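Step one of this worksheet: look at the structure below.
The values are calculated or read from the model by the stated rules, or taken from the named source; none is laboratory data. Because the structure is a prediction, the values reported are computed rather than measured. Please note: Cβ atoms are built from the backbone with ideal geometry, for glycine as well, and neighbour counts cover all protein chains shown. Remember, those area values only see protein heavy atoms, side chains included, never the ligands or the DNA or RNA. Shrake-Rupley method; radii C 1.70, N 1.55, O 1.52, S 1.80 Å.
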Amino acid sequence: QLQASGGGLVQAGGSLRLSCAASGSFYSVNTMGWYRQAPGKQRELVATITRQYVPVYAESVKGRFTISRDNTKNTVYLQMNSLKPEDTAIYYCKSFILRGTIDSYWGQGTQVTVSS
């Protein structure tokens with residue numbers, strides 16, 4: 001019920017934009033975010049954004065990545081600029097969705113590969 005898209009292969013210094021849309025029956029989508037997992041490493045937070053549009057960024061992406069959302073579309077975006085080879089990872093979206101209770105959901109990953 002979280003559909004991510006927008007990954008791909010890009011050269012260092014390039015840009016990509018990821019999208020993740022929540023679908024199904026629910027009252028609201030609360031905090032949405034992006035995480036990533038590189039080979040051999042643990043999954044780590046990239047950025048999150050509250051329903052009130054308050055963002056939080058990992059230090060490693062500050063100034064290069066921008067998270068945004070469209071509450072009318074229940075969609076979160078991640079604009080990634082000045083990409084570096086170390087940004088290569090599978091990117092996962094995560095959302096807290098209110099149905100009867102608030103639960104977290106993960107989208108399928110989307111591969112981002114940055115070549116040097």
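For the chain, the convex hull drawn through the C-alpha positions has a volume of 91 cubic angstrom per residue.
Of all lysines in the structure, those lying under 30 Å Cα to Cα from K41, and not within fewer than 8 positions of it along the same chain, are K62, K84, K94. Entry comment: accessible area of the chain is 52 Å² per residue, from protein heavy atoms only and a probe of 1.4 Å.
How big is the dipole moment of the chain about its Cα centre under a simple scheme where the beta carbon of each Lys and Arg is +1, that of each Asp and Glu is -1, and everything else is neutral? Debye, nearest 20, please. Mind showing how you got there, number by number?
Details: 12 positive and 6 negative charges, 21 e Å.
Roughly 100 debye, rounded to the nearest 20.
Here the scattering of segment 1-64 is modelled by Debye summation over its C-alpha atoms, one equal scatterer each and no solvent; at q = 0.20 Å⁻¹ the log10 of I(q)/I(0) is -1.04. With a 1.4 Å probe rolled over the protein heavy atoms of all chains, the accessible area of S68, S95, S28 falls in the order S68, S28, S95, largest first.
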